[in-house]
Every structure is written in C-alpha cells, then in structure tokens.
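The values are calculated or read from the model by the stated rules, or taken from the named source; none is laboratory data. Computed from a prediction, not measured in an experiment: that's the story for all the values here. Neighbour counts run over all protein chains shown; Cβ positions are idealised from the backbone, glycine included.
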Amino acid sequence: MSTSASLRVAAIAVVFFAVHSLPSRAQDVALTPPMGWNSWNYFAEKVDDQGVRAAADVIVASGMRDAGYVYVNIDDTWEGQRDSNGVLHSNSKFPDMKALADYVHSKGLKLGIYSSPGPKTCAGFEGSLGHEEQDAQLYASWGIDYLKYDLCSFIPEVMQKQAPHDPPAQMRLMHAAYAKMAKALKATGRPIVFSLCQYGWDAVWEWAPSVGGNLWRTTGDIEPNMYSIYANMSVQAGLASYSGPGHWNDPDMLEVGNGELTLAENRAHFSMWAMLAAPLLAGNDLPHMKPEIRDILTNRDVIAIDQDKLGKQGSRAYVDGEVEVWTRQLAGGALAVAVLNTGDTRYSTHPFHLYLSRLGLHGPLTGKDLWSGKEMALTEGMPLEPRTHEVLLLRIAEPK
C-alpha cells in the first residue's frame, strides 16, 4: 500500500532535508543483490545458536557458499532484555552472539541480525526505538554484517500516536526512523548491509536510497505457494528504474524448498527472483535439504543472471493469456528471457507463441536453456508449451 503521489512528494522533501548528508552505502556493500540464508521462513521463533551454526555448516558443505551465498541471517526472537545501562543482551537461545559471529566468519560467511525501529519487534521482543546508536555499536562489536529493520510496532506506537489522522506526518516519521538507524550504522565504521522491511509503504523504492537503504521490501510477507510468489513478483513490474548496484527492490525471501511447491514451481520462483535482480536469501531447512533443492539453489547459470554486474532489473515484456514473458538486459550485451506459465492448467495458452519481435529481437537466434543446459534455436512466433507454473529461462548472448 502507498499514499497518493502528492503525499509522497511532501514526505520525501522533508526527509531529504533531514538526511541529505547521509553518504551513499552503495560504495560499501550490496553492489550485487545480497545472497545468503534467513531463519524466518522455515524456523521462525525456533531459531537458535545451534541452528544458525548448522545452517552455516551446510552452506559451506553443500556448495552454496561457493555459489555466492554469504549472509547467514538471524531473524526475530533472538533478543533478550536491556540492562540498567540500556545495553541489549541476547536471550538464552543465543548465549554468546560474538562467539557465534566468529564461528560464522571462520566459515568465510557473514552474520546478519534483525531489529525494529519500534519499541518491540514483530514477535514482541525488544526493538531499537531510543537505542539506535547503542544497538548499532553493539552489532558492530559482535561483528554483524547485515541488519533487517522491520517496521512493526513503530506503526501504532509512534506513527499513529504522534501523528494521528495525519498520513504525511506519519510517513515523515517512518522515513526519519530508517534514516536514524542508517546514520548509526554508518557511524560504526563497519560495512553493514541495511535492509528496510516496511512492506512497500509509501512507494519505498522512491526514497529508501536517500535514507541509506541497500534493499527494501516492496511487498507483504511471502508464503510458500505460487499465488503468493506470483503476487510478490508482479509488484516488481515497473520498478526496474529504482534498482541497481547498492540498492535493490526486495520481493522478500526465497521459499524454495518450503511448503508443497513442486520442482517446477521452485525453479520458476528462483528464476524470476534472478530476473528481478532480487536478493537471494534462502529460507529453507538447510540441514535436511533435498539434493534437487540444493541443485536449484546452486544453479550457477541462474545465479549469474541475478548477480549480473550491470545490475539492471528485468521487466515484463508482454503477456499472452496466462503466459508472461520477462526480459533482463545483462552485461556485455546479453539478454535473459523468462517465459512463465502462471496458470493452473497444464497448457493455459495452447499453444503459446514466442514473438522475438515483441522483445526487440530478430531471429533466428540461439539461446541457452539455463535449467537443461542445452542450446535452443529461437525463431519468430515459435510455439512453446510451458506446463503449469513452469518457466523457460534463456540466456541469449549478444542478440542482434
């Protein structure tokens, strides 16, 4: 959800005045979309020190680290109480956060953590309101490399209390809260990825870079079904101009390997996140990951699309019935093309025809199918029959 354009303009103007001196963090971190793992989608409140260490071990042993997965991110429920000096301590599930960070770092990985600009987190644990500088310094002393900052209780406790019935003022408060933590993180001198989680409110993509964000959620929470995945994917249409090195649109974490997603749906999910230059944060049960899920998450050709140095997010090129075609420009003049059947029947559009001319291309061409690894001849109007929720992901080298 977002306010009207006029409200956005007013809010952005005020925040820009307050935070225009914040230096860009794009020079420090997230020059390509962050890759790693987050505890929430599968473990939620059951996350603990042992589980995070196990995840780090599997990231290394499975080849995920070598494929680019670096961040091991602890989501909500790690927080304990503040002492008399206001210093936040982790709870009994995480007896020594510094030791945990050292362990993760010893694996060639980085550690992420979670907080909220409100007094409480989404799960009701201690947030950072009034302790932003203190918490940022604490994270840096532990060796934290990534912060997910989730709006949650800031809405009723600050936005609605301090600015009732005044949406523009509420938006200014939200912007300022994220800017305050960004400034605190910068002051630590430690490169820390700053992830804004506020569900896409107030067209966050328009103002997040100005308050120090490296990535920002554009959607509500994802769920492990194709309807949720498609909904989050669709929100990204039209947002490509806001994404690039150091600052990324975030349609939420990956559900690959979760729920009852079919292998085709897992491939489609992963493919479209790569097309969107989205952060690739796995959210599955790594210690019990099936080989076929590992193979999806470590497909180097698909990851290369996501991590392409040009940093240009893909766009929806055209739709024919329930089949969508997305394209993404890549470094060196290459082009990625994704053909996705979004329908619930085997052949939603039968047959579907791929028109190269609608992509600005002239055939015949050759593309590499990134899931089969085979070369594929492409001609104007060629028929394709993608099955239910199946994707065809192609890389075309320097198309003419």
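Can you pull out the residues in the range 78-114 that are assigned to a helix (DSSP H, G or I) and in contact (Cβ under 8 Å) with a residue 12 or more places away in the chain? Steps first, please.
Filtering the range 78-114 for residues assigned to a helix (DSSP H, G or I) gives 97-106.
Passing the criteria: 97, 98, 100, 101, 102, 103, 104, 105.
Checking each residue of the range 318-325 against the condition of being out of contact with any strand residue (DSSP E or B) (no Cβ under 9 Å at 6 or more places or on another chain) and more than 20 Å from residue 225 (Cβ to Cβ) gives no match. Could you grab me the full set of residues in the range 131-152 that are buried (at least 19 other Cβ atoms within 10 Å of the Cβ) and either in contact with a Cys (Cβ under 7 Å, 6 or more places away or on another chain) or of a type in the set (Ser, Thr, Tyr) (or both)? Listed by number, the residues that qualify are 139, 146, 148, 149, 150, 151, 152.
The residues of the range 182-204 that are more than 19 Å from the chain's Cα centre (by Cα) and assigned to a helix (DSSP H, G or I), listed by number, are 183, 184, 185, 186, 187. On inspection, residue 30 does not qualify as farther than 27 Å from residue 133 by Cβ and in contact (Cβ under 8 Å) with a residue 12 or more places away in the chain.
Here is a yes/no grid of residues against (1) outside the structural domain of residue 147 (by TED's automatic domain parsing); (2) modelled with pLDDT of 95 or more; (3) within 30 Å of residue 165 (Cα to Cα):
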| residue | (1), (2), (3) |
| --- | --- |
| 19 | no, no, yes |
| 24 | no, no, no |
| 27 | no, no, no |
| 53 | no, yes, no |
| 67 | no, yes, no |
| 83 | no, yes, no |
| 92 | no, yes, no |
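Would you confirm, using the coordinates I've provided, whether residue 75 is in the same structural domain as residue 276 (by TED's automatic domain parsing), part of a helix (DSSP H, G or I), of a type outside the set (Val, Ile, Thr) and modelled with pLDDT of 95 or more? So residue 75 does not fit the description; no. So residue 219 clears everything in (1) buried (at least 20 other Cβ atoms within 10 Å of the Cβ); (2) among the β-branched types (Val, Ile, Thr); (3) in contact with a Phe, Trp or Tyr (Cβ under 8 Å, 6 or more places away or on another chain) except one condition, right? Which one? The failed condition is (1). The residue that is farthest from the chain's Cα centre (by Cα), counting only those in the range 362-400 that are of a type in the set (S, T, N, Q) and closer than 20 Å to residue 320 by Cα, is 379.
Tell me, yes or no, whether the range 106-116 has at least one residue that is surrounded by fewer than 19 Cβ atoms within 10 Å (Cβ to Cβ), closer than 30 Å to residue 331 by Cβ and either more than 21 Å from the chain's Cα centre (by Cα) or modelled with pLDDT of 95 or more (or both). Walk me through it before giving the result.
Filtering the range 106-116 down to residues surrounded by fewer than 19 Cβ atoms within 10 Å (Cβ to Cβ) leaves 106-108.
This time we only want the ones that are closer than 30 Å to residue 331 by Cβ, so: 107-108.
Adding the requirement that they be either more than 21 Å from the chain's Cα centre (by Cα) or modelled with pLDDT of 95 or more (or both) leaves 107-108.
Yes, the conditions are met somewhere in the range 106-116.
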